[in-house]
Amino acid sequence: MKPGFEKYIPFQQIKLENREWPNNVITKAPIWCSVDLRDGNQALVDPMNMEEKIEFFHTLVDMGFKEIEIGFPSASETEYEICRELIEGNHIPDDVTIQVLVQAREHLIRKTFEAVKGAKNVIIHFYNSTSTLQRKVVFKTDMEGVTKIAIEGAKLIKQLTDEYTGDTNFRFEYSPESFSGTEVENAVYICDKVMEALGSTKENPVILNLPNTVEMCTPNTYADQVEYFIKHIKNREACIISLHPHNDRGTGVASGELALLAGAERVEGTLFGNGERTGNLDIVTMGLNMFTQGVDPKLDFSNLPKLREIYERCTDMKINPRQPYIGELVFTAFSGSHQDAINKGMQYMKDSGTEYWEIPYLPIDPADVGREYEPIIRINSQSGKGGAAFVMSHNFGYDLPKKMHPEFSKLVQKKCEELGRELIPKELFEVFSENYLEVHQKYALTKRKIYEESENGKDYVHFKGKMTINGADEVTLSGVGNGPIDAFFNAIKKFGLDKYEFISYSQHAISQGSDSKAVSYIELKKPDGKNIFGIGIDSNVNVASVLGVLNAINRAEM
């Protein structure tokens, strides 16, 4: 055997002239078929029991699936019993079609017809493997040999359908298993023969399912194979082209999307991509990819957290934190530049009143899938100044002025580095409180009075009060100015505080109703030329501003 990468045989591309799929656009949802209860279930360490399968089935129905592959009833007594319970227990709505899988083998096909007796709508999904490698290694036969198996299976299925005495509406599906590993002209050949044996028509089309059973090539090559197949199948109007991509190369969703561009009409997959090896196509991801492009996926993804809970409980599988749309961290930004852009995007949405979702780094509104805004921005030592401000605003109602962001961000980063981890919102607020709201008061107001006065057509503001210094000496304050901040500055100058210079302030309410309070953000220039912020909170906006000035001075002299 050759060493390393040299022992692998490159996938052979097909010659497809004038390919059309690269110029196409997905404009509508495909027919969806969930295979969670069969393909997904067979890949579990501990397959779902009866109760779990029934719950999962109803979850799929509630989401809007109209075609659901419920199992392989000829494979085991358990699978058979679950099929019968779904039918006899009246779990299947009249507008939902159950699909059952069966190998193209006589005794299994007959057992399958027994299993679905009494159901209103059924798809008999039969298959046999056609790939070059399986013909060579497993079956040791040629293409005619595997074609004969498929034809005989199709004839028996048609015969049993014609002999059936109930009122079940039967439809048929055929999969040349490992389609992507089959010479594409041979895949067309065997499907033509199956269609002939079934007597497929425009009025009663067969589903031709083209599985990427093992993902062996890039998604564009799979799309080429699907387009070639569609262009060369003899009776195109008598078949529905279906996809069944797996994810061995990590591009199952991409393969499905490009194959839709190539003309496929139907997609089989599982919620969150569960399945053999690396899994099946992830219907949640593919559907929400459409959703973000303005295409209705025709499935209800509005409560992904609930879907996740049911999925993890019934399958005993865990969702990766980076799983698209549902993972714990997919709507979370740690990067400072990302946080800043998201923060500005949120503000733009609020200010502009736009009808569209226009927030950088968030391709979908978390609320559309039942997620919350709170965890979008999480704070660690890599976070930027906008991230901490975002959390303070959205979690606690403090809209820190932009000029204050760098100062507060440094305090937050320092705390993250001390702890060696991220801060949860509660801890972020503790940093804010410790550094701004619980500051040691070298200078503390004990009495205050602010009032306006007019004289000779001019308005003046008076500040009068008392202040303690270092908790001992109490001094009397008195000052006049053109506003409360100016009057307060004039009142404290005589106590050695004349070297502080007022720079800016902003304020807003932090609660609603008659008992609301105002918060003032005051920026001062210290004697050393550096700027510092202070915060004041009071039900009176003027008092809040004065307290903010004193807070900044106290912080500067700590």
(request) May I ask you to list the residues in the range 254-266 that are buried (at least 24 other Cβ atoms within 10 Å of the Cβ) and either in contact with a strand residue (DSSP E or B) (Cβ under 6 Å, 6 or more places away or on another chain) or part of a loop (DSSP other than H, G, I, E, B) (or both)? (result) S255, G256, A259, A262, A264
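So which of S381, S393, S433 ends up being closer than 20 Å to G548 by Cα, modelled with pLDDT under 90 and surrounded by fewer than 19 Cβ atoms within 10 Å (Cβ to Cβ)?
On the way: S381 fails: closer than 20 Å to G548 by Cα; S433 fails: modelled with pLDDT under 90.
Within the list S381, S393, S433, the selection yields S393.
Could we say that E407 is in the same structural domain as V391 (by TED's automatic domain parsing), without any contact (Cβ under 8 Å) to a residue 12 or more places away in the chain, in a helix (DSSP H, G or I) and closer than 19 Å to G536 by Cα here?
Values: in the same structural domain as V391 (by TED's automatic domain parsing): yes; without any contact (Cβ under 8 Å) to a residue 12 or more places away in the chain: no; in a helix (DSSP H, G or I): yes; closer than 19 Å to G536 by Cα: yes.
Here the answer is no, as E407 does not meet what is asked.
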(message) Considering only residues that are among the polar types (S, T, N, Q) and either surrounded by 15 or more Cβ atoms within 10 Å (Cβ to Cβ) or in contact with a Ser or Thr (Cβ under 7 Å, 6 or more places away or on another chain) (or both), which ones fall in the range 162-174?
(response) T168
(request) Would you be able to say whether some residue in the range 199-208 is in contact with a Leu (Cβ under 8 Å, 6 or more places away or on another chain) and among the charged types (D, E, K, R)? (result) no
(message) Among the residues that make up the range 59-71, is at least one of them assigned to a helix (DSSP H, G or I), loosely packed, with under 15 Cβ neighbours inside 10 Å, touching a residue at least 40 places away in the same chain (Cβ under 8 Å) and not assigned by TED's automatic domain parsing to the domain that holds G256?
(response) no
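Is it the case, given these coordinates, that E69 is among the acidic types (D, E) and farther than 17 Å from I283 by Cα? Steps first, answer last, please.
Working: among the acidic types (D, E): yes; farther than 17 Å from I283 by Cα: no.
No, not satisfied.
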(request) Of the numbered conditions (1) within 27 Å of N531 (Cβ to Cβ); (2) crowded, with 16+ Cβ neighbours inside 10 Å; (3) modelled with pLDDT of 85 or more, K403 fails exactly one; give the number of that condition. (result) (2)
(message) Out of I109, I92, I151, I need the residue that is assigned by TED's automatic domain parsing to the domain that holds S34, β-branched (V, I, T) and under 34 Å from the mean Cα position of the chain (by Cα). Which one?
(response) I92
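Given the condition of a type outside the set (D, E, K, R) and in a helix (DSSP H, G or I), answer yes or no: does some residue in the range 203-220 qualify?
Our first condition is that a residue be of a type outside the set (D, E, K, R); within the range 203-220, this holds for 204-214, 216-220.
Adding the requirement that they be in a helix (DSSP H, G or I) leaves 219-220.
Within the range 203-220 (the criterion being of a type outside the set (D, E, K, R) and in a helix (DSSP H, G or I)), the answer is yes, since at least one residue qualifies.
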(message) Going through G252, G279, G256 one at a time, which residue ends up being modelled with pLDDT of 95 or more and in contact with an Asp or Glu (Cβ under 8 Å, 6 or more places away or on another chain)?
(response) G252
(request) Spot the failing condition for P425; the list is (1) within 27 Å of N482 (Cβ to Cβ); (2) touching a Phe, Trp or Tyr at 6+ places or on another chain (Cβ under 8 Å); (3) touching a residue at least 40 places away in the same chain (Cβ under 8 Å), and only one is missed. (result) (1)
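Restricting to strands (runs of 3 or more DSSP E) lying wholly in the range 470-530: which have 3 or more residues that are surrounded by 18 or more Cβ atoms within 10 Å (Cβ to Cβ)?
Working: elements: 473-481, 501-509, 518-525.
Of the strands (runs of 3 or more DSSP E) lying wholly inside the range 470-530, those with at least 3 residues that are surrounded by 18 or more Cβ atoms within 10 Å (Cβ to Cβ) span 518-525.
Go through L86, L60, L108 for me and flag whichever is within 20 Å of G153 (Cα to Cα) and touching a strand residue (DSSP E or B) at 6+ places or on another chain (Cβ under 8 Å). Talk me through it step by step, then tell me what you get.
Working: L86 fails: within 20 Å of G153 (Cα to Cα); L60 fails: within 20 Å of G153 (Cα to Cα).
None of the others qualify; the one that does is L108.
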(request) Considering each residue of the range 13-27, count those that are surrounded by 12 or more Cβ atoms within 10 Å (Cβ to Cβ) and in a loop (DSSP other than H, G, I, E, B), and give that number. (result) 7
(request) Output the qualifying pairs, or none if there are none: Cβ atoms under 9 angstrom, residues six or more apart or on different chains, first residue in the range 223-246 and surrounded by fewer than 24 Cβ atoms within 10 Å (Cβ to Cβ), second residue in a helix (DSSP H, G or I) and of a type in the set (K, R). (result) I230/R236
(request) Go through the range 435-476 and give me each residue that's of a type in the set (A, V, I, L, M) and without any contact (Cβ under 8 Å) to a residue 24 or more places away in the chain. (result) A472, V475
(message) Pairs please, first residue from the range 308-323 and more than 22 Å from V253 (Cα to Cα), second anywhere and exposed (fewer than 12 other Cβ atoms within 10 Å of the Cβ) and of a type in the set (D, E), Cβ atoms under 7 Å, 6+ apart in sequence or on different chains.
(response) D316/D46
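Results for (1) touching a Cys at 6+ places or on another chain (Cβ under 9 Å); (2) within 30 Å of I92 (Cβ to Cβ); (3) surrounded by fewer than 22 Cβ atoms within 10 Å (Cβ to Cβ), shown as yes or no for each residue.
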position	(1), (2), (3)
L156	no, yes, yes
L160	no, yes, yes
P176	yes, yes, no
E185	no, no, yes
Y189	no, no, yes
K193	no, no, yes
A197	no, yes, yes
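The values are calculated or read from the model by the stated rules, or taken from the named source; none is laboratory data. These numbers come from a predicted model, not from an experiment. Here the Cβ is made from the backbone with ideal geometry for all residues, glycine too, and neighbour counts use every protein chain on show.
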